[in-house]
Amino acid sequence: MQSSCSHFSSDPRPIGVFDSGIGGLTVLRSLMAAMPGERFIYLGDTARVPYGTKSAETVCAYSLGLAQVLRQYDVKMIVIACNTASVHAAEAIADFIAPVPVISMVPPAAAAAIKATKNKHILVMGTQSTIRSGSYARAIDALDPSVKVTGIATQLLVALAEEGWIDGPIARAAVERYIGPVFENADKPDTIILGCTHFPLLRDVIVDVAGQDVTLIDCGEAAQKLINGRTKGQPDIRFLVTDSVERFTPLVERFLGISATNIPAEHIDLTAILNTDLKRAS
């Protein structure tokens, strides 16, 4: 499921990227930077966000629905940008969408963290659901059982990122409250996995609290290295959202750092699409 896709540069079909909402735009940003000649379809489930506080069963069901939508756009691969969906639905989506390859966030980020750590202590910051699942700890243990993993659910940081409060005293106080005590110990982590797509926006504050010597693992950057796409040209992007287009557009500019004026998002009626597909299947 996580194999490198070397033949993709000759395949003109788009890469499908889905997320529970807007956080996956940081993953899209990494993909666009590395493969500017690719076509992308980004699907944000803004009507049902957040996934991080929902049950594993609900997250899996929602994620399979999004994969079903992307399949209708003839994507050549699916990138599960949402860490929570990666944890609870990656295997189910891989089975459902086969032979279309699926890239999720956990395995590449875990491998990158193991490669980066020198003192064999890794901190994972994520949503409640991601941390509760223990998926990162299991993935790291499978690669190197000698590595210590500390997981902290930092749910409030998701809201701060979406509100644009990514620096200043409020962001600093929240990050300090969550991870400050961990870095007061002698056995402090030297590597942090940003286990939620919102967290790269808070990179500067996290480093300020954890220390300049800490290594941050961006899941999108780690996952991007598994894909060998077209590196020449201008990216062709299509945005699909399940709720308000008006709220999504300014967040595109914040998360991607580009103007969304010429790339209007499209609202899709998820219920209608899925019901139509189910009728066809029957």
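All of the numbers you see were taken from the coordinates with simple rules; none came from a lab. These numbers were taken from a predicted model, which means no experiment stands behind them. Positions of Cβ are generated from backbone atoms using ideal geometry, with glycine treated the same way; all protein chains shown enter the neighbour counts.
Just a few scattered comments:
- Each residue, Leu156 and Ala173, gets one label point 7 Å from its Cα in the Cβ direction; the gap between the two is 0.8 nm.
- Subtracting the Cα-Cα distance of Arg254 and Ser146 from 0.36 nm times their residue separation leaves 35.0 nm of extension gain.
- Peptides 23-35, 163-175 ordered by packing proxy, namely the average of other Cβ atoms within 10 Å per residue, highest first: 23-35, 163-175.
- In degrees, nearest ten, helix 168-179 long axis to first principal axis of the chain (Cα): 70 degrees
- Report summary: the helix-based calculation at 222 nm, which adds -39500 (n - 2.57) for every DSSP H run with n ≥ 4 and divides by the residues of the chain, gives -13000 deg cm²/dmol.
- Relative contact order (percent, whole number), the range 106-222, Cα cutoff 8 Å, 6+ residue spacing: 35 percent
- Aspartates and glutamates whose Cα lies under 16 Å from that of Lys188, excluding same-chain neighbours fewer than 8 positions away: Glu176, Asp208, Asp213
- Residues Ser10 and Gln128, FRET efficiency given R0 of 41 Å [Cβ-Cβ distance, rounded to 0.05]: 0.50
- Within the same chain, lysines fewer than 8 places from Lys76 are excluded, and of the rest, those with a Cα less than 24 Å from its Cα are Lys225, Lys232.
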